[in-house]
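Here is the structure we will look at.
The values are calculated or read from the model by the stated rules, or taken from the named source; none is laboratory data. Being a predicted model, the structure only gives us computed values, none of them experimental. When we count neighbours, we look across all protein chains shown, and the Cβ atoms used for this are built from the backbone with ideal geometry, even at glycine.
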């Protein structure tokens, strides 16, 4: 898939890189027994991790514990470097619903050894993303109800107002390290309630004003 499509049939954007935030909701940091960060915690996924709504997340054979993490995704619409927080929203093309699928056992093992999380976060099918809506379709991205259901039962339910680092600050920080390009995706972190999924599960993620995303697990 390596592209992000917009509702309404406009041309899709090629996705270059996927930048993700960890621990951007304090309640999630608490449930993970981790400190609330003073600066954004950033990791990356390759574009090959993307799948569309209706697709299937495949648990790699080397993992026995995959968790769901529902997130608001920001679609970058304009290239920029060292972007100020005041002008950051000018670089947003739109928003989508995303799932950061995580191999928690693999991540825990890497953390215990002081190693990177790339395998736990970037495996194929680890980044389901819905179609995007244009920026002007969302009145306030910092006041959106966000929910994930597994087999119809609510697992995660929160609001984007609980983000520790808001979108302009995130864009400004990321662009001080990486040049942001059109089509880049920013996963803005997950609220509390992450839990394991198993083969046969059906996940439905929803964010008000943005849309929904449904995937199966195999």
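Can you name the number of the only condition in (1) modelled with pLDDT of 95 or more; (2) under 16 Å from the mean Cα position of the chain (by Cα) that residue 14 fails? Only one criterion is unmet by residue 14, namely (2). The set of residues from the range 73-123 being closer than 26 Å to residue 14 by Cβ, without any contact (Cβ under 8 Å) to a residue 60 or more places away in the chain and outside any loop (DSSP other than H, G, I, E, B) comprises 90, 119, 120. Residue 73 fulfils the conditions (1) surrounded by 24 or more Cβ atoms within 10 Å (Cβ to Cβ); (2) in contact with a helix residue (DSSP H, G or I) (Cβ under 7 Å, 6 or more places away or on another chain) except for a single criterion, (2).
Among the residues of the range 17-35, is any over 27 Å from residue 157 (Cα atoms) and not in a strand (DSSP E or B)? Looking through the range 17-35, at least one residue is over 27 Å from residue 157 (Cα atoms) and not in a strand (DSSP E or B).
Within the range 146-171, the set of residues being part of a strand (DSSP E or B) and either free of Cβ contacts under 8 Å to residues at least 60 places away in the same chain or out of contact with any strand residue (DSSP E or B) (no Cβ under 7 Å at 6 or more places or on another chain) (or both) comprises 149, 153, 154, 157, 159. None of 136, 143 is under 20 Å from residue 5 (Cα atoms), without any contact (Cβ under 8 Å) to a residue 24 or more places away in the chain and surrounded by fewer than 14 Cβ atoms within 10 Å (Cβ to Cβ) except 136.
Taken over the range 45-55, residues that are touching a helix residue (DSSP H, G or I) at 6+ places or on another chain (Cβ under 7 Å) and not in a loop (DSSP other than H, G, I, E, B) amount to 2.
Does the range 25-38 contain at least one residue that is over 16 Å from the mean Cα position of the chain (by Cα) and under 21 Å from residue 126 (Cα atoms)? Yes; the residues of the range 25-38 include at least one that is over 16 Å from the mean Cα position of the chain (by Cα) and under 21 Å from residue 126 (Cα atoms).
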